[in-house]
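What follows is a short report on a single structure.
The values are calculated or read from the model by the stated rules, or taken from the named source; none is laboratory data. Everything quoted here is computed from the prediction, not taken from an experiment. Cβ placement follows ideal geometry from the backbone for every residue including glycine, while neighbour counts extend to all protein chains displayed.
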Amino acid sequence: MESPQSDILYRRACRTLATGVSSAMRRNVTKTPLYFERGEGPYFYDVDGRRLLDYTLGWGPLIAGNNHPRITSAVSKQLTNAYAFGAQHRGEITLAEEMVDLLPGVDQVIFSNTGTEAVQAALRIARAATGRDRIVKFEGHYHGWMNNVLVSYRPKGPSDRTAEKTCGGQPNSEFADTIVLPWDDLDAIEEAFRSFPDEIACVICEPILANSGSCMPRDGYLQGVVDLCRRYGALSIFDEVITGFRVALGGAREYFDVEPDLSVYGKALAGGFSLAAVGGNRGAFDVLRDGRTIHAGTYNGNPVNIAAALTTIDILREPGQFEAMHRHGNAIRSCVEEVGRQHNEDLITTGVGTVFNVHFDLANPPLNYRDMSKANGEKYGRFRETLLERNVYTLPDSRWYVGVAHTDKELSLVTDAITEAMNVASR
Ligand code: PMP
């Protein structure tokens, strides 16, 4: 695909913007990074004049689509009043109340700016509450780019229990207290609790492993994780940065009917604005109230981002929104699977309608990182490249995001593109 104007901009960017892009994750999305000018509903417009049907949704946040008139208007209205206080305002109370109302088992929340930050707040709360230092995370799970959790995200070694750094500049000492375990294995968690008695502060996980193939948990598994934590005096933390306000209004807590001690929210919470939160039962926040630990941030509870979140939630609350989004996503999944079958592909999709992955050359649904990594990424790459040539924009790791702006019109566009792309991928 030719993108002459993006090529020019990228060359210019590389002169002064280190790496040319603003997040490591954006380096390999397309051969030349694409530059965008405008978004509207489910479409992005790039500088070469192309309209792309967007199933990336800004890596998740744009659940209401681009430039939703109600979000734009709420934010504009807020801007006429103030764009930062560094102090208290009504909006933060209203949003806290709405979250408590919507998220099962959540009595209180704190606000932060990014998922990365909110994860760190949750870990600190768990450590302060338990007086323990070690944390458990799982292979392939992503919890932001800090050294203590950016381990074994894409491990290459043979062991599924060795904490492996992900990039340079990660001193061993900074993840010395991070225990890595395989996902989908309750025995492994129990064994860790037995090996490190009274040392594990918390277990953090993505309830749907969206960052590694949207692996779904087996029935009862998430409850098993929460129960083991309770039994051994550790806090359970669901990282709902992707699942929150996406798999259901109440996130994974509602979808799976499980209540961990803490949940972390970001992305879809504010519909494209930079807001994150930690929610939990009242007791979980004792350590903040009594001053045993702190959580801070100049921009915490920023009124513009809060206004965006309040409106996003209002939009998501409208009757039928989640049903429609799931229906749309599931229709895409059925189409990919059906067209794949016609080409004799061993192809499956995993996840839910609003966030799912497509796996070539996998016969069974993956349950963890090791399963997922057996999928044929090259074939998916060809499939995706052809989709892009047909103006359908998706993420490189085979994850698709669906939002309220995707209608039947887009469904018909995308299913045509899928049929053509499968012809190319299956060659
Ligand atoms: N947790 C999960 C599950 C995520 O998917 C992400 C971002 N992809 C993060 C945490 C980090 O969030 P942020 O990029 O907002 O720092």
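Taking the range 231-266 on its own, how many of its residues are touching a Ser or Thr at 6+ places or on another chain (Cβ under 8 Å) and away from the ligand (no atom under 16 Å from the Cβ)?
The total comes to 4.
Got at least one residue in the range 30-44 being buried (at least 19 other Cβ atoms within 10 Å of the Cβ), in contact (Cβ under 8 Å) with a residue 12 or more places away in the chain, hydrophobic (A, V, I, L, M, F, W, C) and in a loop (DSSP other than H, G, I, E, B)?
The answer is yes, given that some residue of the range 30-44 is buried (at least 19 other Cβ atoms within 10 Å of the Cβ), in contact (Cβ under 8 Å) with a residue 12 or more places away in the chain, hydrophobic (A, V, I, L, M, F, W, C) and in a loop (DSSP other than H, G, I, E, B).
Criterion first (among the hydrophobic types (A, V, I, L, M, F, W, C) and out of contact with any strand residue (DSSP E or B) (no Cβ under 6 Å at 6 or more places or on another chain)) does Ala375 satisfy it?
Criteria not met by Ala375.
Every residue in the range 15-29 that is over 24 Å from Glu410 (Cβ atoms) and either touching a strand residue (DSSP E or B) at 6+ places or on another chain (Cβ under 7 Å) or assigned to a loop (DSSP other than H, G, I, E, B) (or both), please.
Correct list: Leu17, Ala18, Thr19, Gly20, Val21, Ser22, Ser23, Arg27, Asn28.
Please give the number of the condition Arg154 fails out of (1) out of contact with any strand residue (DSSP E or B) (no Cβ under 9 Å at 6 or more places or on another chain); (2) closer than 23 Å to Lys374 by Cα; (3) more than 14 Å from the ligand (Cβ to nearest atom).
(3)
Got a sec? Which of Leu269, Leu228, Leu222 is within 14 Å of the ligand (Cβ to nearest atom) and in a helix (DSSP H, G or I)?
Of the residues listed, the single one that is within 14 Å of the ligand (Cβ to nearest atom) and in a helix (DSSP H, G or I) is Leu269.
Looking at (1) in contact with a helix residue (DSSP H, G or I) (Cβ under 8 Å, 6 or more places away or on another chain); (2) within 16 Å of the ligand (Cβ to nearest atom); (3) modelled with pLDDT of 95 or more, find the lone condition where Thr56 falls short.
(1)
Give the range 312-351 a look and list any residue that's closer than 18 Å to Asn376 by Cα and not in a helix (DSSP H, G or I), or say none.
His343, Asn344, Glu345, Asp346, Leu347, Ile348, Thr349, Thr350, Gly351
Taking the range 162-216 as the region of interest, how many residues are part of a loop (DSSP other than H, G, I, E, B), closer than 22 Å to Ile125 by Cα and out of contact with any Leu (no Cβ under 8 Å at 6 or more places or on another chain)?
Initially, the range 162-216 is screened for residues part of a loop (DSSP other than H, G, I, E, B), giving 162-164, 166-171, 176-177, 182-185, 196-199, 206-208, 213-214, 216.
Within this subset, residues satisfying the condition of being closer than 22 Å to Ile125 by Cα are 176-177, 196-199, 206-207.
Filter again for out of contact with any Leu (no Cβ under 8 Å at 6 or more places or on another chain), leaving 176-177, 196-199, 206.
Matching residues across the range 162-216 total 7.
Just wondering, is there one or more residues in the range 10-21 that are farther than 30 Å from Gly251 by Cα, charged (D, E, K, R) and surrounded by 13 or more Cβ atoms within 10 Å (Cβ to Cβ)?
Our first condition is that a residue be farther than 30 Å from Gly251 by Cα; within the range 10-21, this holds for 10-21.
Filter once more, so that each one left must be charged (D, E, K, R): 11-12, 15.
Checking which are surrounded by 13 or more Cβ atoms within 10 Å (Cβ to Cβ) leaves us with none.
No - not one qualifying residue is present in the range 10-21.
Pairs under 6 Å by beta carbon, first residue touching a residue at least 12 places away in the same chain (Cβ under 8 Å) and under 19 Å from Thr350 (Cα atoms) in the range 217-243, partner more than 16 Å from the ligand (Cβ to nearest atom) and of a type in the set (A, V, I, L, M), six or more apart or different chains?
Filtered contacts from the range 217-243: Leu222/Val258.
For residues that are surrounded by fewer than 21 Cβ atoms within 10 Å (Cβ to Cβ) and part of a helix (DSSP H, G or I), tally how many sit in the range 46-74.
6
Quick one: how many residues across the range 116-151 are away from the ligand (no atom under 15 Å from the Cβ) and either of a type in the set (Lys, Arg) or in contact with an Asp or Glu (Cβ under 8 Å, 6 or more places away or on another chain) (or both)?
Going residue by residue through the range 116-151, those that are away from the ligand (no atom under 15 Å from the Cβ) are 124-134, 136.
Now narrow it down to the ones that are either of a type in the set (Lys, Arg) or in contact with an Asp or Glu (Cβ under 8 Å, 6 or more places away or on another chain) (or both): 124, 126-127, 129, 132-134.
Total meeting the criteria: 7.
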